[in-house]
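The structure appears right after this line, and notes come after that.
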Amino acid sequence: MTKDGRQGAARTASRKVRQPSGRRSIAKAPTGIVGLDEITRGGLPRRRATLVCGGPGAGKTLLGTQFLAHGAMVLDEPGVFVSFEEPPLELIENSRSLGIDLRDLVNRGKIFIDYVRVERSEIVESGGYDLDGLFIRLAHAISSIGAKRVVLDTIEMLFSGLTDAFILRAELHRLFQWLKTKGVTTIVTGERGTDGLTRHGLEEYLTDCVIVLDQRVTTQEATRRVRILKYRGSAHSNNEIPFLIDDNGLSVLPISSLGLHYGAPTGSVSTGIDDLDELFGTGGYFRGSSVLVSGQAGTGKSSLAAHFAHAAAQRAERCLYLAFEESAQQIVRNMRSIGIDLESDVRKGLLQIHAQRPTHLGLEAHLVAVHRLINEWHPTVVVLDPVSNLTNIASPLDVKSMLSRLLDFLKGLEITALATSLTGGGGTSYQSDIGVSSLMDAWMVLQNVEANGERNRALQIIKARETSHSNQIREFVLTDEGLKLVPIHRRLDGRVLVGTSREVQQDTDAAMQPAAPGARS
Amino acid sequence: MTSPLRRRSPPRRRTWRLRLYVAGQTPRSITALDNLKRLCDADIGNRYEIEVIDLLKHPHRARQDQIVAVPTLVRKLPRPMRKIIGDLSSRERVLVGLGLPPTRSR
């Protein structure tokens, strides 16, 4: 899957980053890293050098490797990797775990690896020198494979091998100037310094584009973030954007919201409950919209979600059910008790239940995992149950930001999303705990109505954009044939009756009008 | 480090194999070669060979022999290999680099 996933991702990336025509913009070299090409609006500045800095383990080498591999494999732009730290074998080994076969690329003359080892203990300095040796190596490497891309990782190692910082600075300056004349697009990595961006102030020479990689630990979860600090001559996103390193390499999390270019929703998808479809006035949720179902514990949120998922399967559409609380088996069993056979949907390959406790992965990892699943499996319907559980691992603000990006992504693919959210006991039921309702196109609140010593369930559509939805609070029951809305029974004074009082009223009505099929209001 | 070497072969009989990497006939590379010859004549006698490699003519040698700075003087023999970079204008540093005793000066 790695290969397909990667290529698919590359395709999406290149599609999304197309520049508006007629607008003058500097030439760019796509990195092929999902998301990074989006936030840089197309890639790194072509024929210039980009500084990528970050602490140890921040992903600098990986970014460089992917940049070269993408050039070599996809764009027919061979690349030179000058490694000052890792010997070639280690590089090859490390990138293999990410699905990049560097050795093959080297054998095919697509990538040239030069390992520059400068060991202070082996070198004595006597008098003036320059770095022409390095220049010659680089020039030779570039010309031997016709390289268009170069990575220097981490050139600051020279400072630990050679003592004359004055010469080094002058020579690095000369090197970066010289690289421009070679017409190559370069990544220079630098170790994060305490005073400046890099230990030896590389940012003073590399001013075209600066990318900062950062790893931070918040609430025991390590989060990686990338930021485009500077990009001369180009618009770019200034924000810190989470990214992830996994077995597909580096992926910067989608920020589709950069361009809100969704198609208009067409048609609707059934909620899975006929009466509810009617309540919306449109035959269900709008296709490609996002729906929030919030409510306290045991109000039937998951049941509503299961109906939605099951209905998709019945239309022979695929549904991805992301369970953040219960296991797949638990969900299947619970739903069987109300007559929804999710198991057969799973067997038919129309439903995938992905149960994952949020604590297992960081928030961003979740987002990436979801992305990957969606890109691989192409569901038309996605259930997130419950999103409120994500707040266990991140602040509500982070969850909101993650969800907004996820919902944007789904919207872009015209996938209808239903998210459930648990409302805390204390708050009003009109308040979703993580404040995500504003992100949603439609919002339903499920409530427990307690009166006369019993508890009944009720449902209300709080909002549904562009629909003439009902404003009534409707009682519903969970039967062994699923969730059923109960016909409304009003007393003459306008009060809506629920539970026993409704039944009593029903009986009374029946007694008073023995043959009254039209008793329903 | 020097004692076992001396025991194996007396220093007087050793042949020194030196290699000087330069990038073209620059003033600096000429200075380096001059400095090197003078020092060898004075301190090693006639038991040395100097091979000059112009990286502009043999660019692949830079990678092969791990050359970054030029000029670079490499002591191939006696072992272990040592590297001295620069125009070799500091005589003391070169002697240290080559592993020759500073007392031999002049």
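The values are calculated or read from the model by the stated rules, or taken from the named source; none is laboratory data. Predicted model, so just to flag it, every value in this text is computed and none were measured. Backbone-built Cβ (ideal geometry, glycine too); neighbour counts: all protein chains shown.
Results, tabulated for the structure shown:
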{"item": "Some residue of the range A:100-108 being under 36 Å from the mean Cα position of the chain (by Cα), surrounded by fewer than 20 Cβ atoms within 10 Å (Cβ to Cβ), among the β-branched types (Val, Ile, Thr) and within 14 Å of chain B (Cβ to nearest Cβ)", "result": "yes"}
{"item": "Check on A:Glu125, over 30 Å from the mean Cα position of the chain (by Cα), at pLDDT below 90, surrounded by fewer than 23 Cβ atoms within 10 Å (Cβ to Cβ) and not aliphatic (A, V, I, L, M)", "result": "no"}
{"item": "Which numbered condition A:Thr61 fails, given (1) over 19 Å from A:Ala29 (Cβ atoms); (2) away from chain B (no Cβ under 14 Å)", "result": "(1)"}
{"item": "Residue, farthest from the other protein chains (Cβ to nearest Cβ), within the range B:17-69, restricted to residues that are under 20 Å from A:Arg117 (Cα atoms) and loosely packed, with under 14 Cβ neighbours inside 10 Å", "result": "B:Gln64"}
{"item": "Pair list, Cβ < 7 Å and 6+ apart or interchain, from the range A:109-138 residues that are more than 7 Å from chain B (Cβ to nearest Cβ) and part of a strand (DSSP E or B) to residues that are hydroxyl-bearing (Ser, Thr, Tyr) and crowded, with 19+ Cβ neighbours inside 10 Å", "result": "A:Ile113/A:Ser83; A:Tyr115/A:Ser83"}
{"item": "Count of the range A:479-503 residues which are buried (at least 16 other Cβ atoms within 10 Å of the Cβ), closer than 30 Å to A:Leu342 by Cα and either of a type in the set (S, T, N, Q) or at pLDDT 80 or above (or both)", "result": "5"}
{"item": "Yes/no for A:Arg405 being surrounded by fewer than 17 Cβ atoms within 10 Å (Cβ to Cβ) and in a helix (DSSP H, G or I)", "result": "no"}
{"item": "All positions within the range B:70-84 that are within 11 Å of chain A (Cβ to nearest Cβ) and surrounded by fewer than 17 Cβ atoms within 10 Å (Cβ to Cβ)", "result": "B:Pro80, B:Met81"}
{"item": "Residue under evaluation A:Arg149, criteria (1) farther than 20 Å from A:Arg174 by Cβ; (2) surrounded by 21 or more Cβ atoms within 10 Å (Cβ to Cβ); (3) under 41 Å from the mean Cα position of the chain (by Cα); (4) facing chain B (nearest Cβ under 7 Å), criterion not met", "result": "(4)"}
{"item": "Selection count where residues are in contact with a Leu (Cβ under 8 Å, 6 or more places away or on another chain), part of a loop (DSSP other than H, G, I, E, B) and closer than 28 Å to A:Ala394 by Cα, scope the range A:321-361", "result": "2"}
{"item": "The range B:1-31, subset part of a loop (DSSP other than H, G, I, E, B) and in contact with an Asp or Glu (Cβ under 9 Å, 6 or more places away or on another chain), residue modelled with the lowest pLDDT", "result": "B:Thr15"}
{"item": "Residues being farther than 18 Å from A:Gly161 by Cα, at the interface with chain A (Cβ under 7 Å from one of its Cβ atoms) and surrounded by fewer than 17 Cβ atoms within 10 Å (Cβ to Cβ) - total across the range B:85-96", "result": "1"}
{"item": "Flag if B:Asp34 is modelled with pLDDT of 90 or more and assigned to a helix (DSSP H, G or I)", "result": "yes"}
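Table: residues versus (1) at pLDDT 90 or above; (2) at positive phi.
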site: B:Val68; (1), (2): yes, no
site: B:Leu73; (1), (2): yes, no
site: B:Leu88; (1), (2): yes, yes
site: B:Gly99; (1), (2): no, yes
